[in-house]
1. Out of all the residues in region 115-145, which are surrounded by fewer than 18 Cβ atoms within 10 Å (Cβ to Cβ), aliphatic (A, V, I, L, M) and modelled with pLDDT of 95 or more?
2. Pick from region 240-251 the residues that are touching a residue at least 24 places away in the same chain (Cβ under 8 Å) and either away from the ligand (no atom under 16 Å from the Cβ) or closer than 23 Å to residue 153 by Cα (or both): which of them is surrounded by the fewest Cβ atoms within 10 Å (Cβ to Cβ)?
3. For region 107-151, name all the residues that are away from the ligand (no atom under 13 Å from the Cβ) and either assigned by TED's automatic domain parsing to the domain that holds residue 185 or among the acidic types (Asp, Glu) (or both).
4. Which of (1) open to solvent by 40 Å² or more (accessible area, probe 1.4 Å); (2) assigned to a loop (DSSP other than H, G, I, E, B); (3) at negative phi is the odd one out, the single condition residue 148 does not satisfy?
5. Condition first: open to solvent by 60 Å² or more (accessible area, probe 1.4 Å) and over 23 Å from the mean Cα position of the chain (by Cα). Can you find one or more residues in region 51-58 that meet it?
6. In region 59-96, how many residues are surrounded by 11 or more Cβ atoms within 10 Å (Cβ to Cβ), assigned to a loop (DSSP other than H, G, I, E, B) and without any contact (Cβ under 8 Å) to a residue 40 or more places away in the chain?
7. Filter region 203-238 for residues that are part of a helix (DSSP H, G or I) and touching a residue at least 60 places away in the same chain (Cβ under 8 Å) and give the result.
Amino acid sequence: MAEGLAAVRSALMRKNLNVDANEWRNSVALTGHVSSWEQYMEAGYAAAGKGYEAVVNDLTVEGVVPFKPSMPEPQNPIDPDTYFDAVVIGGGVIGSAIARELTRWDITVALLEKENDLAMQTSSRNDGMVHPPFAVTPGSKKAHYNQRGNKMFAQTARELGVSLEWPGMLMLFSNPWQRAFLPAIWQRIKQNEVCGAEFWNRQRVFKMEPNITADQHGGVFLPDSGIVSPYQLTVAFGENAVQNGATVLLNTVVTGFQ
Ligand SMILES: Cc1cc2nc3c(=O)[nH]c(=O)nc-3n(C[C@H](O)[C@H](O)[C@H](O)COP(=O)(O)OP(=O)(O)OC[C@H]3O[C@@H](n4cnc5c(N)ncnc54)[C@H](O)[C@@H]3O)c2cc1C
């Protein structure tokens, strides 16, 4: 790890960035103040790939007001005698799904969310795409769970009464030279067992989607790509958890553990 830190520090010095780097858990944390967003990015790139799991970029930038997470108004803390067998912190899609899953067991479950509803953060700010395991590293856990999750989606959506469509995804080549990557793309598709992928040439793309940009040189169609409302899904997980006996506590922020 020390070698990694020396490498990060010298990379930052070479870029003339007045940034401090320190180890934090298995990551490297950057602190200090930089004069532009470009420098912020440069520092992050300089620290990346030096043997750490992640880069925590905590730099402040001239003229950029730091983001402050929203906090609920303080209210009476939960009665200390309240007991749950399992407590899930955070009512995004992940926490809500976990809470619902836990209700399959004969245990008491609580889901704590600091906002005044579920899905108020990242889970309500995404594209709602159900991806096939296309972009993930072959053989990784992510590839395994991406594939498994993709296949579980239809059944889960049916159970929750959430509408789910499978229009497929078309990845376009915006330059003719990008088509040179097709063999590599194809290899990954095969390794990750992505079903039903097809190469569409420029004419076929126009035929299937006449309103598409003229700046396209064909693309790869992945039929196992779905679309779902991310808010509806998250709320449905939470509601089903409640139907199964879980307790959802909104406006409830976790400030520490004792
Ligand atoms: C632009 C964008 C596009 C994306 N597109 C897709 C896509 O198409 N398909 C896809 O699958 N994924 C997509 N993602 C990723 C996906 O949105 C996230 O992986 C997912 O929403 C993460 O869910 P989460 O439950 O972990 O986090 P969150 O939804 O952020 O939930 C965390 C919850 O914890 C609460 N919380 C935080 N701290 C506390 C505390 N101390 N006490 C109590 N509660 C707390 C927060 O208020 C929040 O509600 C996209 C993400 C982005 C940003």
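1. 129
2. Once the filter is applied, the top-ranked residue is 245.
3. Answer for region 107-151, where residues must be away from the ligand (no atom under 13 Å from the Cβ) and either assigned by TED's automatic domain parsing to the domain that holds residue 185 or among the acidic types (Asp, Glu) (or both): 137, 138, 139, 140, 141, 143, 144, 147, 148, 151.
4. (2)
5. No, the conditions are met nowhere in region 51-58.
6. 5
7. 230, 231, 232, 233, 234, 235, 236, 237, 238
The values are calculated or read from the model by the stated rules, or taken from the named source; none is laboratory data. Computed from a predicted model, the values in this text were never measured in an experiment. Here Cβ is always computed from backbone atoms with ideal geometry, including for glycine, and neighbour counts include all displayed protein chains. Please note that ligands, DNA and RNA were not included when accessible areas were found on the heavy atoms of the full protein model with its side chains. Shrake-Rupley method; radii C 1.70, N 1.55, O 1.52, S 1.80 Å.
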